[in-house]
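The values are calculated or read from the model by the stated rules, or taken from the named source; none is laboratory data. The model shown is predicted, which means the values in this text are computed figures rather than measured ones. Backbone-built Cβ (ideal geometry, glycine too); neighbour counts: all protein chains shown. Quick note on the areas: whole protein, heavy atoms, side chains included, nothing else; ligands and nucleic acids left out. Shrake-Rupley method; radii C 1.70, N 1.55, O 1.52, S 1.80 Å.
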Amino acid sequence: MTNTEKFKQYLNKYSEKDLESISAMFADEILLRDWKISVNGKANAVAETKNNFKNAGTIEIEVLSCLTSNNSVAGELKIIVDQKETLYVVDVLTFNEKGLISSIRAYVGRED
């Protein structure tokens, strides 16, 4: 499976709020950072993801574009939360030598 496919699989599992599958994709040393938080380690990243799921009834994710490098994928995303809040975000996922997600960095943007 390519890193782009792993990236899209992660987003699909995120929109399904499948915490178990997402946890299995995370490396032990994962860094999770966005415009509000920064956490290190798998347990903390899983807890933060679980908290995000708790705060959203539904999550729809549309991939607008992707860029790849050797061990990273960046994707421009349109995320709709609870069918009313729309976010434009760039997620950058880095994968370790085992193919697990070692970092997720998210940057908020805007529609235009």
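Could you tell me whether segment 8-24 includes any residue that is of a type in the set (A, V, I, L, M) and more than 11 Å from the chain's Cα centre (by Cα)?
Let us first name the residues in segment 8-24 that are of a type in the set (A, V, I, L, M), namely 11, 19, 22, 24.
The next check asks that each one be more than 11 Å from the chain's Cα centre (by Cα); those that pass are 19, 24.
Yes, segment 8-24 contains a residue that is of a type in the set (A, V, I, L, M) and more than 11 Å from the chain's Cα centre (by Cα).
Check Val39 against each of (1) in a strand (DSSP E or B); (2) under 20 Å from Asn12 (Cβ atoms); (3) of a type outside the set (Ser, Thr, Tyr) and name the one condition it does not meet.
(2)
Hey, does segment 15-29 have a residue that's within 17 Å of Arg110 (Cα to Cα) and open to solvent by less than 70 Å² (accessible area, probe 1.4 Å)? Steps first, answer last, please.
Taking segment 15-29 first, the residues within 17 Å of Arg110 (Cα to Cα) are none.
Looking for residues that are within 17 Å of Arg110 (Cα to Cα) and open to solvent by less than 70 Å² (accessible area, probe 1.4 Å), one finds none in segment 15-29, hence no.
Six or more apart or on different chains, Cβ atoms under 6 Å: show the pairs whose first residue is in segment 1-28 and within 16 Å of Ala56 (Cα to Cα) and modelled with pLDDT of 95 or more and whose second is of a type in the set (Lys, Arg) and outside any helix (DSSP H, G or I).
Note: no pairs meet the criteria.
A quick yes/no check of all residues on (1) in contact with a Lys or Arg (Cβ under 7 Å, 6 or more places away or on another chain); (2) closer than 16 Å to Tyr14 by Cβ; (3) open to solvent by 20 Å² or more (accessible area, probe 1.4 Å):
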{"site": "Val73", "(1), (2), (3)": "no, yes, no"}
{"site": "Val90", "(1), (2), (3)": "no, yes, yes"}
{"site": "Glu97", "(1), (2), (3)": "no, no, yes"}
{"site": "Ile101", "(1), (2), (3)": "no, yes, no"}
{"site": "Arg105", "(1), (2), (3)": "yes, yes, yes"}
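For Ser69, state whether it is open to solvent by 30 Å² or more (accessible area, probe 1.4 Å), without any contact (Cβ under 8 Å) to a residue 40 or more places away in the chain, more than 19 Å from Ser38 (Cα to Cα) and under 15 Å from the mean Cα position of the chain (by Cα).
Working: open to solvent by 30 Å² or more (accessible area, probe 1.4 Å): yes; without any contact (Cβ under 8 Å) to a residue 40 or more places away in the chain: yes; more than 19 Å from Ser38 (Cα to Cα): yes; under 15 Å from the mean Cα position of the chain (by Cα): no.
No, not satisfied.
Answer yes if at least one residue in segment 74-87 is acidic (Asp, Glu), under 22 Å from Asn3 (Cβ atoms) and free of Cβ contacts under 8 Å to residues at least 12 places away in the same chain, and no otherwise. Can you show your working first?
Taking segment 74-87 first, the residues acidic (Asp, Glu) are 76, 82, 85.
With the extra rule that they be under 22 Å from Asn3 (Cβ atoms), the set shrinks to 76.
Adding the requirement that they be free of Cβ contacts under 8 Å to residues at least 12 places away in the same chain leaves none.
Looking through segment 74-87, none of the residues is acidic (Asp, Glu), under 22 Å from Asn3 (Cβ atoms) and free of Cβ contacts under 8 Å to residues at least 12 places away in the same chain.
State yes or no: is Glu62 over 11 Å from the mean Cα position of the chain (by Cα), in contact (Cβ under 8 Å) with a residue 12 or more places away in the chain, surrounded by fewer than 17 Cβ atoms within 10 Å (Cβ to Cβ) and not in a helix (DSSP H, G or I)?
Numbers: over 11 Å from the mean Cα position of the chain (by Cα): yes; in contact (Cβ under 8 Å) with a residue 12 or more places away in the chain: yes; surrounded by fewer than 17 Cβ atoms within 10 Å (Cβ to Cβ): yes; not in a helix (DSSP H, G or I): yes.
Spelling it out, Glu62 is indeed over 11 Å from the mean Cα position of the chain (by Cα), in contact (Cβ under 8 Å) with a residue 12 or more places away in the chain, surrounded by fewer than 17 Cβ atoms within 10 Å (Cβ to Cβ) and not in a helix (DSSP H, G or I).
Out of (1) part of a strand (DSSP E or B); (2) open to solvent by less than 30 Å² (accessible area, probe 1.4 Å), what's the single condition that is false for Ala45?
Every listed condition holds for Ala45 apart from (1).
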